[in-house]
1. Quote the charge dipole size of region 1-129 about the Cα centre in Debye, to the nearest 20; the model charges only the Cβ of Lys and Arg (+1) and of Asp and Glu (-1).
2. Given the options R93, R280, R258, state which has the largest fluctuation in a GNM of the chain using a 10 Å cut-off (strictly under) for Cα springs.
3. For the chain, with a Gaussian network of springs between Cα atoms less than 10 Å apart, report the residue from L111, L222, L243 with the top mean-square fluctuation.
4. Reachable lysines from K289, Cα under 26 Å, same-chain residues fewer than 8 places away excluded?
5. Please give the peptides 140-147, 200-207, 56-63, 129-136 ranked by average Cβ packing (other Cβ atoms within 10 Å per residue), highest first, as a rough proxy for protection.
6. For S183, what is the net charge nearby, where nearby means another residue's Cβ is under 14 Å from its Cβ and Lys, Arg count +1, Asp, Glu -1?
7. Determine, for each peptide in 155-165, 232-242, 27-37, the mean count of other beta carbons within 10 angstrom over its residues, then list the peptides with the highest first.
8. What number, in percent, do you get for the relative contact order of region 85-311 if the mean sequence gap of Cα pairs under 8 Å and at least 6 apart is divided by its residue count?
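Readers should treat all values here as calculations from the given coordinates under stated rules, not as data from a laboratory. Note that the structure is a prediction, hence the values are computed from the model and not measured. All Cβ positions, glycine included, derive from the backbone under ideal geometry; neighbour counts span all protein chains shown.
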Amino acid sequence: MPTFYVDRAGIELRPHGRALAIYESGEYQATVPVLMLDRVVISAPTRFSSSLLAWLARHGVGVVVLGRGGGEAAACVLGRPLGDGARRIAQYRAFLDETWRQRWSHRLLRLKFAAQMRTLRRILRDRADQRKPLRDALERIAELSRRLTPEQPRMAMMGVEGAAAAAYFEALAAVFPPALAFSGRNRRPPRDPVNACLSLAYTLAHYDAVAELHAAGLDPFLGFYHALAWNRESLACDLIEPLRPHWDQWIWELFRQRLLRAEHFRRIRGACLLGKAGRRIFYEAREAKAVWTRRWLRRACRLVVRALQQDFPVAEEEP
């Protein structure tokens, strides 16, 4: 699979020819051909050298180190980006053009609202007993989507997005088992099993977007809808907004099919964390889902580059 997850303490990673070698407690365990890998995700204490990071970067393999519980990334190491400086100049010009950013934000939120409504309709097919909250949310989000215009200031759009999110998560809360205590979105730390999974899914999706933007030669920190923020890849935040409802539905399916259950979680100082057995289920199931979302992100990056080159062409200088 394209992602190798290190989720067990005591693992050491070493380069070995054209493969990544895995050791545990000093004993050789296995190798993974580096050409099969796109990224390595580390969520447990792991030993590796700086030369391993350089070796992975040369082969185009990114490394994401997750913090406690997996809700946030502590570090991300990628290889060299695409060396087309003209793309970044065009991106900076677009960032300074408020009209362009408003049009971008309008399209982005319309895509997100459409994805939210698709997710609620799919859930409604299996949860007709919750028809009223699901129908109410669908009507509310459709109304808010119609209210959006490309001429609105982005702050006004954020208000519309917040109202849609409130209706959406109120409907989602009605379809998860009461034993999970899910009443809406919370994080830092997540306080229930559903939010623990949402935080982990969104974090991994975010760094998929960072990797695709990096490979496309775009600056992940310079978003068009999300404002500048210290140490935040705002353009990656932009790109994953329409994907969030897909991950929400997938997490609902994991609990509905009882692949994940309350006993897969543990609580530490007010935080709800996915335990070792649960993480294995989560990561294995996620890889199948991520095939489509990564393809979507790659296509989205190509469309962004095309729009920037069309609207903000950069003439090449004579040598």
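1. Roughly 760 debye, rounded to the nearest 20.
2. R258
3. Of L111, L222, L243, the Gaussian network model singles out L111 as fluctuating most.
4. K112, K276
5. Working: 140-147: 16.0, 200-207: 23.2, 56-63: 18.6, 129-136: 13.9.
Most protected by this proxy first, the peptides run 200-207, 56-63, 140-147, 129-136.
6. On the way: positive: R185, R187, R191; negative: E170, D192.
Local charge sum for S183: +1.
7. Numbers: 155-165: 16.0, 232-242: 21.5, 27-37: 12.8.
Highest mean packing first, the order is 232-242, 155-165, 27-37.
8. Details: 259 pairs, mean separation 54.3, N = 227.
With pairs under 8 Å counted, the relative contact order is 24 percent.
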